[in-house]
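First the structure, in the form of structure tokens, and then the observations on it.
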């Protein structure tokens, strides 16, 4: 699975991302457009954290509640 691009579930996943990183704007979500790398960059920029910290936060969020990153990005809502 390619977790760089979130297949088909981006609209549903946006709400979860917005809950976790509330400083992201609608314009940010348009730029992110389901791309994990763009998500990392925007989190880094809006929250004033390092790239490594953004990666850690996203990885922790992805695996919360025992999920795998693939399960999160590809689960059906």
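Please treat every number below as a calculation from the coordinates, not as lab data. Note that this is a predicted model, so its numbers are computed, not measured.
At 20 °C and 1.002 mPa s, what whole-number value in µm²/s does Stokes-Einstein give for the translational diffusion of region 10-74, with Rh from the Kirkwood sum over Cα pairs?
181 µm²/s
State the extension gain, in nm to one decimal, for the chain segment bounded by residue 56 and residue 68, taking 0.36 nm per residue of separation less the distance between their alpha-carbons.
Length gained between residue 56 and residue 68: 2.9 nm.
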